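Reviewing the structure listed below.
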Amino acid sequence: MARGFDDRAIAWILLVAMVVSLYMVFMYVPTEREMGIIQRIFYFHVPLAWISFLAFLMVCIAGIQYLRQRSRWWDALGTSAAEIGVLFSTLVLITGSIWAKPIWGTWWTWEPRLVTFLILWFIYVGYLLLRAAAGDDERKARLAAVVGIVGFLDVPLVFFSARLLRGLSPVVFTRQGAGLAPPMLWTLLVSLATFTLLFVLLLRQRLFLELARDEVESLKELVP
Amino acid sequence: MKNLTLLFFAYLMIWIGLFAYLLFLIQRGLALSREIAALKQALAAGNKGDPEKRKDRGETP
């Protein structure tokens, strides 16, 4: 994999994007009238959730491809994406709780979107535990692929739960549009782009690591 | 203002955490790359010195 130059370029763009995103979140965007300052966590929380969904979508695609081709590359991609997805979804739960405390008066409530998202988190933590368990690698990869595919069915549930089940979670994107003032929308879009770049970089590094480990193992068997 | 500063630091801390994870991955990747290079070198040196393996490759002694 040609990582060197591409990754350095992505890393520099990411650094600039991160500074721009921080500037927009804390200096450029106006404070929301009803929620106040805590609403600014939204520019962090929503992109994190977006990346979680993207990561889990990759786990699902990698699972399907692995079951079709039995290629180690797809298996490694699934594992890498799942790890990043769990990391980001953990941050979604944390930032959501930080937002919920001043707005709802509680850190956690058994609300449809929160429950479905928690289930999603448990599914992919389970996926990682399965990968870490001892046993036949081939069988583990097959099982993990199935968990990754079935687990993704929860993503549309999370997305539509707030719309269909009328929970407490605010719905930003509706059929009528984003429902945000232009500076807020731009800040959100820049934040989304920044986190997507971070995801690309993390995924490339994590995948390289997974494949490099395999190479070390196979070389160790060959060395006299 | 105090709340905004706190939020800013929380935001920054999470970014630093994510960058630390990225750096950890890069460091591990570099370490593994070095290990792969060393193993390949050892393999090449080992094969060169092993008459059986040279014979397997069809090289003249």
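The single condition among (1) surrounded by fewer than 16 Cβ atoms within 10 Å (Cβ to Cβ); (2) in contact with a Leu (Cβ under 9 Å, 6 or more places away or on another chain) that A:LEU14 does not meet is (1). Taken together, the residues in the stretch A:66-94 that are touching a residue at least 12 places away in the same chain (Cβ under 8 Å) and polar (S, T, N, Q) amount to 4. Quick check, is A:TYR43 in a helix (DSSP H, G or I) and within 13 Å of another protein chain (Cβ to nearest Cβ)? So A:TYR43 fits the description; yes. Please find, within the stretch A:189-224, the residue that is farthest from A:PHE42 (Cα to Cα) out of those that are more than 7 Å from chain B (Cβ to nearest Cβ) and among the charged types (D, E, K, R). The residue in question is A:GLU221.
For every residue, the table says whether it meets (1) polar (S, T, N, Q); (2) facing another protein chain (nearest Cβ under 9 Å); (3) out of contact with any His (no Cβ under 9 Å at 6 or more places or on another chain); (4) exposed (fewer than 11 other Cβ atoms within 10 Å of the Cβ).
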residue: B:ASN3; (1), (2), (3), (4): yes, yes, yes, no
residue: B:LEU18; (1), (2), (3), (4): no, yes, yes, no
residue: B:LEU22; (1), (2), (3), (4): no, yes, yes, no
residue: B:ALA45; (1), (2), (3), (4): no, no, yes, no
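Return the residues of the stretch A:129-141 that are surrounded by fewer than 16 Cβ atoms within 10 Å (Cβ to Cβ) and either assigned to a helix (DSSP H, G or I) or not acidic (Asp, Glu) (or both); say none if nothing qualifies. Lay out the reasoning, then the answer.
Quick first cut of the stretch A:129-141, residues surrounded by fewer than 16 Cβ atoms within 10 Å (Cβ to Cβ) only: A:129, A:132-139.
Those that are surrounded by fewer than 16 Cβ atoms within 10 Å (Cβ to Cβ) and either assigned to a helix (DSSP H, G or I) or not acidic (Asp, Glu) (or both): A:LEU129, A:ALA132, A:ALA133, A:ALA134, A:GLY135, A:ASP137, A:GLU138, A:ARG139.
Each row is one residue, and each column tells you yes or no for (1) among the hydrophobic types (A, V, I, L, M, F, W, C); (2) within 13 Å of another protein chain (Cβ to nearest Cβ); (3) more than 21 Å from A:VAL146 (Cβ to Cβ); (4) in contact with a Gly (Cβ under 7 Å, 6 or more places away or on another chain).
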| position | (1), (2), (3), (4) |
| --- | --- |
| A:ALA17 | yes, yes, yes, no |
| A:TYR23 | no, yes, yes, no |
| A:GLU34 | no, no, yes, no |
| A:GLN39 | no, yes, yes, no |
| A:PHE56 | yes, no, no, yes |
| A:GLY78 | no, no, no, yes |
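Listed residues A:LEU185, A:LEU157, A:LEU197; which is more than 14 Å from the chain's Cα centre (by Cα), under 22 Å from A:ILE13 (Cβ atoms), modelled with pLDDT under 95 and assigned to a helix (DSSP H, G or I)? Please lay out each step first, then the result.
On the way: A:LEU157 fails: under 22 Å from A:ILE13 (Cβ atoms); A:LEU197 fails: more than 14 Å from the chain's Cα centre (by Cα).
So the residue among A:LEU185, A:LEU157, A:LEU197 that is more than 14 Å from the chain's Cα centre (by Cα), under 22 Å from A:ILE13 (Cβ atoms), modelled with pLDDT under 95 and assigned to a helix (DSSP H, G or I) is A:LEU185.
The values are calculated or read from the model by the stated rules, or taken from the named source; none is laboratory data. Treat the numbers as computed from the prediction; the structure is a model and nothing was measured. Because the Cβ atoms are built from the backbone with ideal geometry, glycine has one as well, and the counts that use them run over all protein chains shown.
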